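Enquirer: Sending over a structure as structure tokens; questions will come in a sec.
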Amino acid sequence: MFNKNVVSIDIGTSTVKLVIGKFKGKEVQILDIISFKTPSNSIHDGQILSLNEIKEKIKEVITNQNLKFKKVIFTLDSTSIIARELVLPSAKDEELKKVLSFELDQYFPTDLKEYIVQYKRLDDFSEDEVLKSRISAVALPRVIIKTYLELAKDLGLEPIALDINSNGIAKLFEANYNINKKSKDMNQTIAAVDLGNDTINISIIQNNILRFNRLLTVGGKEINSKIANNLGFSLEEAEKAKIEQSTFKEENIPKSYLIVQEVIDRFIDNWLEEVQRIFRFYISRSPENKIDKIYLFGGHASLKDITKYFESYFEIPTEVIESMDCINIEKSNVKKDLIAQSLNSIGAIIRK
């Protein structure tokens, strides 16, 4: 859609990810991926709290690295986002939009005057000889949108879109691209699990279409806090210990690792129970629902042996996403682990 590069920005509670690139043909062409620490307490649940601090930090990175672009896309997640799936009689887009304006109130248990609602046609199907459309409708609070528009203005950039993470991930999975250089089976139902600092976002994709999404309010920061409290570490030292000392049921590990490993095991066990609860709910909705494959991404997908935790618990093949055929990295010095950490920003670049 864009002939020139745009910047796609994902402001997390731990790190800010900037992806510079464009969507051309059937691939996202990535010029660069930059990740840096988010200013403390500057964002919570998708809402920017310290606009000036975030603006100054992003400006500093843009200036120091001599980055050039004029357009910006933001992507985010928040528990205040309301998503619904609607089934309506099929119609052309303009007519469908009119129908939705009358139907939305009964699906959203809130005053929609405080929200911006966007919808996306997922697919069309026949039921009782009537052609119907399955629609995804998402409501995002105006107060959140306002702060991102202000940030774009303060950065001197033209805002192109404000996306939500699950939609970006869905776009990456829409076609039969290879993942990790292996063919993706369209007949499989995939769970794409974003292991973040504050949250775990679960997107379930069936026949290359996002069918279900849930945001869990658990994440990696809990591990850091517990390690820091138990060992008298700073949060930075706890983060380093978490990464270096994570193992999976490994015997004869150094005694100094035991405390860290016990904390990691306890919290990951809790993650797995929460994810299992979501899986069970999804599967219970229809006899045909199942989970065939799990793909992990996000900051905590880099934890050592994290796939072994998932495979042992769910008995489902699990991989960390390291590459996708639809993502073309133009610089050889872009670190591979940054791809898994930045998939939300990468997916948001896809505009159709």
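Enquirer: Tally the residues that are more than 30 Å from Val99 (Cα to Cα), touching a residue at least 40 places away in the same chain (Cβ under 8 Å) and of a type outside the set (Val, Ile, Thr), restricting the search to segment 137-184. Walk me through it before giving the result.
Expert: So in segment 137-184, the residues more than 30 Å from Val99 (Cα to Cα) come out as 147, 150-158, 176-184.
The next check asks that each one be touching a residue at least 40 places away in the same chain (Cβ under 8 Å); those that pass are 147, 150-152, 154-155, 157-158, 177-181.
Applying the additional criterion that residues be of a type outside the set (Val, Ile, Thr) yields 150-152, 154-155, 157-158, 177-178, 180-181.
Count: 11.
Enquirer: Let me ask another. Could you grab me the full set of residues in segment 68-89 that are crowded, with 16+ Cβ neighbours inside 10 Å and more than 22 Å from the chain's Cα centre (by Cα)?
Expert: Across segment 68-89, the qualifying residues are Phe69, Leu86.
Enquirer: Here's a follow-up. Just for segment 157-177: of the residues that are buried (at least 21 other Cβ atoms within 10 Å of the Cβ) and of a type in the set (Val, Ile, Thr), which one is nearest to Ile116 (Cα to Cα)?
Expert: Ile164
Enquirer: Still on this structure: Could you go through segment 247-262 and let me know if any residue there is on the phi > 0 side of the Ramachandran plot, surrounded by fewer than 18 Cβ atoms within 10 Å (Cβ to Cβ) and either outside the structural domain of Asn208 (by TED's automatic domain parsing) or not in a strand (DSSP E or B) (or both). Before the answer, list the steps.
Expert: Pass one, segment 247-262, residues on the phi > 0 side of the Ramachandran plot: 249, 252.
Adding the requirement that they be surrounded by fewer than 18 Cβ atoms within 10 Å (Cβ to Cβ) leaves 249, 252.
Those still in the list that are either outside the structural domain of Asn208 (by TED's automatic domain parsing) or not in a strand (DSSP E or B) (or both) too: 249, 252.
Yes, because at least one residue in segment 247-262 is on the phi > 0 side of the Ramachandran plot, surrounded by fewer than 18 Cβ atoms within 10 Å (Cβ to Cβ) and either outside the structural domain of Asn208 (by TED's automatic domain parsing) or not in a strand (DSSP E or B) (or both).
Enquirer: Yes or no: Lys59 surrounded by 13 or more Cβ atoms within 10 Å (Cβ to Cβ), within 25 Å of the chain's Cα centre (by Cα) and of a type in the set (D, E, K, R)? Explain how you work it out, then say what you get.
Expert: Working: surrounded by 13 or more Cβ atoms within 10 Å (Cβ to Cβ): yes; within 25 Å of the chain's Cα centre (by Cα): yes; of a type in the set (D, E, K, R): yes.
Against the criterion (surrounded by 13 or more Cβ atoms within 10 Å (Cβ to Cβ), within 25 Å of the chain's Cα centre (by Cα) and of a type in the set (D, E, K, R)), Lys59 qualifies.
Enquirer: Any idea which of Asp154, Asp123, Asp185 is surrounded by 11 or more Cβ atoms within 10 Å (Cβ to Cβ), touching a strand residue (DSSP E or B) at 6+ places or on another chain (Cβ under 6 Å) and not hydrophobic (A, V, I, L, M, F, W, C)? Spell out how you get there, then give the answer.
Expert: Numbers: Asp154 fails: touching a strand residue (DSSP E or B) at 6+ places or on another chain (Cβ under 6 Å); Asp185 fails: touching a strand residue (DSSP E or B) at 6+ places or on another chain (Cβ under 6 Å).
Going through Asp154, Asp123, Asp185 in turn, just one is surrounded by 11 or more Cβ atoms within 10 Å (Cβ to Cβ), touching a strand residue (DSSP E or B) at 6+ places or on another chain (Cβ under 6 Å) and not hydrophobic (A, V, I, L, M, F, W, C): Asp123.
Enquirer: OK, next. Being farther than 30 Å from Leu162 by Cβ, assigned to a helix (DSSP H, G or I) and free of Cβ contacts under 8 Å to residues at least 24 places away in the same chain, is that true of even one residue in segment 298-309?
Expert: There is at least one residue in segment 298-309 that is farther than 30 Å from Leu162 by Cβ, assigned to a helix (DSSP H, G or I) and free of Cβ contacts under 8 Å to residues at least 24 places away in the same chain.
Enquirer: From the list Ala238, Ala228, exactly one residue is farther than 25 Å from Asn344 by Cα, surrounded by 20 or more Cβ atoms within 10 Å (Cβ to Cβ), in the same structural domain as Arg285 (by TED's automatic domain parsing) and touching a Ser or Thr at 6+ places or on another chain (Cβ under 8 Å). Which is it?
Expert: Answer to the check: Ala238.
The values are calculated or read from the model by the stated rules, or taken from the named source; none is laboratory data. The shown structure was predicted, so the numbers you read here are calculated from the model rather than taken from an experiment. Cβ sites come from the backbone with ideal geometry, for glycine too, and all protein chains shown count toward neighbours.
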